[in-house]
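**Student:** My questions all concern the structure below.
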Amino acid sequence: MINKIPAAEFAARRQRLLMQLPEGSAVLLPGAQMQPRNRDVDYPFRQDSDFYYLTGFDEPDAVLLLIRGEDSNQYLMFCQDRDPEMEIWHGYRTGPEGLVERYGVDRAWPVEQIDEILPTLIDGQQRLYFSIGDDEAFDGRMLDWLNTLKGRARQGAKAPTEMHQLNEILHEMRLFKSPHEQQIMRRAGELSAQAHIRAMQACRPGLYEYQLEAEIMHSFASEGCRQPAYPSIVGGGENACVLHYTENRDLLVDGDLVLIDAGIELDYFAGDITRTFPVGGVFGAEQRALYQLVLDAQQACIEATVPGARFNDIHELSVKILTRGLVELGLLNGDVEHLIAEGAYREFYMHRVSHWLGMDVHDVGEYQKDGLSRPLEPGMVLTIEPGLYVSPFNENVEARWRGIGIRIEDDVLVTAEGAEVLTASVPKQIADIEALMAAAQSR
Ligand code: GLY
Ligand code: MN
Ligand code: MN
């Protein structure tokens, strides 16, 4: 079972990045820092995705410097120094020597020495690649280092004369998943699916939303993942109409639906699944009608996910199917084309059908190329997640529809032949969900 990216792939990523840059280029990338939560308590540490992508190193306060040299490339790093006193309180550190021994870094220094050493390392490099604007404090420090070099001009120092955005090159690389990355995302999809199945089986009226969340978290942790890819959404009844509902604190009521949007994070790759199912195990008439409409849209959009299809075409397909269905069910009135043109569907469908998926749940990568929506290519991973949400306050529809929120979300890898659904093993057909829940309730 492959759960980790091997060291050779990290090295290949660095090499691939540097070979796209001219000689005389330096790449500067800070890692993440600890974030305070409240007095003496920090949020769980999560390395910056770009930094992890290039290093596989997951300690806070590190800074990466890559040099594309004339003769050879250099892999340099600053990190927290070894410190027996601090390590007793906060955990063991790799330290600069450990980085050289265990991570293949050419040279490393304690991060406390960065102001002194970094200017000398970029002295004489013509171009600096850096994600300007991501971290204002770090931008300021970078300017200080450049000014340090300018101040040494008479001693022969030469600061880089060109600044380039690192994001574009790096994020284009991250958009295309290697065979190894695909394997991890396949597994992240499967483990996320298993967690959703467990929650469906455990669901009963009278549970609290956070108790269903606990089933999801138990499943993730059992597979070795303590942190989900994003805070899980467990919304019963009208809470499903709040798109980013994460309070998860209400009672689950018989007759309502519950929407769960949750995904595992496996070696820094995200799963992202949404399923919506009846708390009591059986769909009501209005729930069934709206659910089937969302499912029809989702399946059609998955079928349309093939190489060459444009990202935006898939969204427009979802809009068309959902608008037509809303008219048929009587939630919208009028001509379908006209309703689409005026955006009438947005009252019920206010998000897009898809986003890139990878190390970040809303992953990096351009959605447009040459001013047009981007054609899909093999190796890209995206979600397909149409939804319908009838606000409990919507006076334009009959009361029987109000408070129903439905989203169905799967993760899809674009392949040369078409697409592979990475999250297919969690049921979404009405009959399959009802059968799974009935079997679990009779146990
Ligand atoms: N879980 C976030 C999303 O579905 O976009
Ligand atoms: Mn999503
Ligand atoms: Mn989601």
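The values are calculated or read from the model by the stated rules, or taken from the named source; none is laboratory data. Remember, it's a predicted structure, so these values are computed and weren't measured experimentally. Glycine also receives a Cβ, built like all others from the backbone with ideal geometry; neighbour counts cover every protein chain displayed. These area figures cover heavy atoms from the full protein model, side chains too; ligands, DNA and RNA do not enter into them. Shrake-Rupley method; radii C 1.70, N 1.55, O 1.52, S 1.80 Å.
**Student:** Regarding Val327, is this residue at pLDDT 95 or above, more than 16 Å from ligand 3 (Cβ to nearest atom), open to solvent by less than 20 Å² (accessible area, probe 1.4 Å) and aliphatic (A, V, I, L, M)?
**Tutor:** Judged against the criteria, Val327 is not a match.
**Student:** Out of (1) small (Gly, Ala, Ser); (2) surrounded by 14 or more Cβ atoms within 10 Å (Cβ to Cβ); (3) modelled with pLDDT of 95 or more, the odd one out for Ser131 is which?
**Tutor:** (3)
**Student:** Restricting attention to region 319-329, does a residue exist that is part of a loop (DSSP other than H, G, I, E, B) and either of a type in the set (A, V, I, L, M) or within 20 Å of Gly189 (Cβ to Cβ) (or both)?
**Tutor:** No, region 319-329 has no match at all.
**Student:** Out of curiosity, is Asp296 charged (D, E, K, R), free of Cβ contacts under 8 Å to residues at least 60 places away in the same chain and open to solvent by 10 Å² or more (accessible area, probe 1.4 Å)?
**Tutor:** So Asp296 passes the test.
**Student:** Report yes if Leu376 is away from ligand 2 (no atom under 16 Å from the Cβ) and in contact with a Gly (Cβ under 9 Å, 6 or more places away or on another chain), otherwise no.
**Tutor:** The answer is yes for Leu376.
**Student:** Still on this structure, I have one more. Identify all residues within region 344-373 that are more than 15 Å from ligand 2 (Cβ to nearest atom) and open to solvent by 10 Å² or more (accessible area, probe 1.4 Å); write none if there are none.
**Tutor:** If the condition is that a residue be more than 15 Å from ligand 2 (Cβ to nearest atom) and open to solvent by 10 Å² or more (accessible area, probe 1.4 Å), then Ala344, Tyr345, Arg346, Glu347, Glu366, Gln368, Lys369, Asp370, Gly371, Leu372, Ser373 are the ones that fit.
**Student:** OK, next. Is it the case, given these coordinates, that Asp411 is among the acidic types (Asp, Glu), in contact with a helix residue (DSSP H, G or I) (Cβ under 6 Å, 6 or more places away or on another chain) and either open to solvent by 20 Å² or more (accessible area, probe 1.4 Å) or away from ligand 2 (no atom under 16 Å from the Cβ) (or both)?
**Tutor:** The answer is no for Asp411.
**Student:** Filter region 254-277 for residues that are within 30 Å of Gly56 (Cα to Cα) and surrounded by fewer than 23 Cβ atoms within 10 Å (Cβ to Cβ); which is nearest to ligand 3 (Cβ to nearest atom)?
**Tutor:** That would be Glu265.
**Student:** Tally up the residues in region 182-233 that are within 21 Å of the chain's Cα centre (by Cα) and among the aromatic types (Phe, Trp, Tyr), please.
**Tutor:** The qualifying residues number 2.
**Student:** Quick check, is Val390 touching a residue at least 60 places away in the same chain (Cβ under 8 Å) and in contact with a Leu (Cβ under 9 Å, 6 or more places away or on another chain)?
**Tutor:** Yes.
**Student:** Going by what's in this entry, would Gly405 be described as touching a helix residue (DSSP H, G or I) at 6+ places or on another chain (Cβ under 6 Å) and either at positive phi or not polar (S, T, N, Q) (or both)?
**Tutor:** yes
**Student:** Further question on the same structure: Can you name every residue in region 204-253 that is open to solvent by 20 Å² or more (accessible area, probe 1.4 Å), within 16 Å of ligand 1 (Cβ to nearest atom) and not in a loop (DSSP other than H, G, I, E, B)?
**Tutor:** Within region 204-253, Glu213, Met217, Pro228, Asn239, Cys241 qualify.
**Student:** Anything in region 267-293 that is in contact (Cβ under 8 Å) with a residue 60 or more places away in the chain, away from ligand 2 (no atom under 16 Å from the Cβ) and either in contact with a Ser or Thr (Cβ under 8 Å, 6 or more places away or on another chain) or not in a helix (DSSP H, G or I) (or both)? List them, or say none.
**Tutor:** Scanning region 267-293 gives Asp267, Tyr268, Phe277, Pro278, Val279, Gly280, Gly281, Val282, Phe283, Tyr291.
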